[in-house]
């Protein structure tokens, strides 16, 4: 008598294969039953209410607001031109080296130290003097220009 070609391991593999096939068919039937196909357009629509939440009911036309396209800001607003009177600051010369031609001014309102070069001076200054000045953006930060002695 010849021995059967099917072993226990082969039978188990066949059972698992058949079980997977059944599970796949069951999932397929479940998807068909829960399918959205065939629904009307109105059933598939979603709306956004005034609070930004998604709902299935359309918004109330009485609560509708009209928004002008020009009122919508996408980028940062343009900066207004600075008033020339606001750009004049007052400060105290904390350090000035005549030999090297530069120094620093301590702004009295912000207490920041601002670089000043001899080319930015309108008149000769020395350490400890109260001065008025304007600022410009230099290569490494703010630079004082048009530096004059302050009237006491």
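Here residue 89 meets the list (1) surrounded by fewer than 10 Cβ atoms within 10 Å (Cβ to Cβ); (2) at pLDDT below 90 almost entirely, failing just condition (1). Does residue 46 satisfy being touching a strand residue (DSSP E or B) at 6+ places or on another chain (Cβ under 9 Å) and either surrounded by fewer than 10 Cβ atoms within 10 Å (Cβ to Cβ) or modelled with pLDDT of 95 or more (or both)? In short, yes. Name every residue in segment 113-144 that is within 30 Å of the chain's Cα centre (by Cα) and free of Cβ contacts under 8 Å to residues at least 24 places away in the same chain, in order of residue number. Of everything in segment 113-144, those that are within 30 Å of the chain's Cα centre (by Cα) and free of Cβ contacts under 8 Å to residues at least 24 places away in the same chain turn out to be 136, 137, 138, 139.
The values are calculated or read from the model by the stated rules, or taken from the named source; none is laboratory data. Note that this is a predicted model, so its numbers are computed, not measured. Here the Cβ is made from the backbone with ideal geometry for all residues, glycine too, and neighbour counts use every protein chain on show.
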